[in-house]
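The values are calculated or read from the model by the stated rules, or taken from the named source; none is laboratory data. Just so we're clear, the structure is a prediction, and the values are computed from it rather than from any experiment. In this analysis, Cβ positions are derived from the backbone assuming ideal geometry, glycine residues included, and neighbour counts consider all displayed protein chains. We work out accessible area using only protein heavy atoms, side chains counted, and drop any ligands, DNA or RNA first. Shrake-Rupley method; radii C 1.70, N 1.55, O 1.52, S 1.80 Å.
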Amino acid sequence: MSDYDNAIFRLATAQEAEPEDYTGEDGLLYCGSCHKPKEAYFPEGRTLFGRDRHPKECDCQRKRRETLEAADREQKHREEVERLKRKGFTDPAMREWTFGNDNGKCPQMAKARAYVGQWEQIKDGNHGMILWGEVGTGKSYLAGCIANALMEKEISVCMTNFALILNDLAASFKERNEYISRLCSFPLLILDDFGMERGTEYG
Ligand SMILES: [Zn+2]
């Protein structure tokens, strides 16, 4: 905003003076709490709508505004993370698979943290990751930690498994190109239990 627009905005949003406010030696209104001016003169003696001054934020008003703006940003962030989790997890239980809930028993967890920490380079280099091991060694949990941590950074992730994908493809054979395009649109696609699905030649 230009100074002029800013001045109009402030005129339009001017607040009443608080009882403890006072007029300073320069003739401007001062805040009774932080003792900073709540008004400023227009430069070079100019006037606007017959006024020689426009409202100005004192420190208390600025802090109040910044607090409100931060709360607003936080709410928008939470809404976006919620949307990504609803869209990206095929099972709501996966929401609990987070670094915060980790019991520390999986020695590979540092690799998951590194994957999240270096996400930008990993994405640019198109680097995947294969988690290989016996049943019950925490592979799904580890992958879920990566998914949750990236979603918390507003990065879109899809965590599903090959059996579900085959099911969906079989159900809507005609739209399978769109279906596969949708899967490929996620910056990170996690296929849980990949290779567990023995079965049809198609699979
Ligand atoms: Zn103040």
Just to confirm the number: angle between the C-alpha axis of helix 162-171 and the first principal axis of the chain, 0 to 90 degrees, nearest 10?
90 degrees
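May I ask what percent, to the nearest 5, of DSSP beta bridges between residues of the chain are antiparallel? Walk me through the numbers before you get to the answer.
Working: 7 of 13 bridges.
In the chain, approximately 55 percent of DSSP beta bridges are antiparallel ones.
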C-alpha long axis of helix 59-88 to longest principal axis of the chain, angle in °
20 degrees
Interchain or sequence-distant (5+) residues whose placed amide H lies within less than 5 Å of the amide H of residue 161 are 192
The chain, Gaussian network, Cα under 10 Å: of 151, 159, 129, the residue fluctuating most is 129
Summing +1 per Lys or Arg and -1 per Asp or Glu among the other residues with Cβ less than 11 Å from residue 27's Cβ gives -3
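Hey, if we sort 116, 135 by accessible area with the 1.4 Å probe, largest down, what's the order? Show your work: numbers first, answer last.
Details: 116 10, 135 125 Å².
My answer, sorted largest first, is 135, 116.
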Length-normalised contact order of the chain in % [C-alpha pairs under 8 Å, at least 6 apart]:
15 percent
Expressed as a whole percentage, what fraction of the accessible surface of the chain belongs to carbon and sulfur atoms when a 1.4 Å probe is rolled over the protein heavy atoms?
52 percent
Efficiency by 1/(1 + (r/R0)^6): what FRET value for residue 113 and residue 75, r their Cβ-Cβ distance, R0 = 22 Å, to the nearest 0.05?
0.20
For the chain, what does the accessible surface come to per residue with a 1.4 Å probe? Please give it in Å².
68 Å²
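Let me check I've understood the local charge: for residue 154, count other residues with C-beta under 15 angstrom from its C-beta, Lys and Arg +1, Asp and Glu -1. What total comes out?
Spelling it out: positives minus negatives among the neighbours equals +3.
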Eigenvalues of the alpha-carbon gyration tensor of the chain, times 5 and square-rooted, give semi-axes in Å, largest first, of 57, 20, 14
Degrees between helix 139-152 axis and first principal axis of the chain (Cα, 0 to 90, nearest 10):
20 degrees
Mind checking which of 36, 139, 153 has the largest fluctuation in a GNM of the chain, springs on alpha carbons under 10 Å?
36
For the chain, set up a GNM with springs between Cα atoms under 10 Å and report which of 70, 143, 171 has the largest fluctuation.
171
Taking the simple approach of a point 7 Å from Cα along Cα-to-Cβ for both residue 59 and residue 22, what is their distance in nm?
1.6 nm
How far apart, in nm, are two points set 7 Å out from the Cα along the Cα-to-Cβ line at residue 183 and at residue 35?
6.8 nm
Computed label-point distance, nm, for sites residue 137 and residue 102 using a 7 Å Cα→Cβ extension
1.7 nm
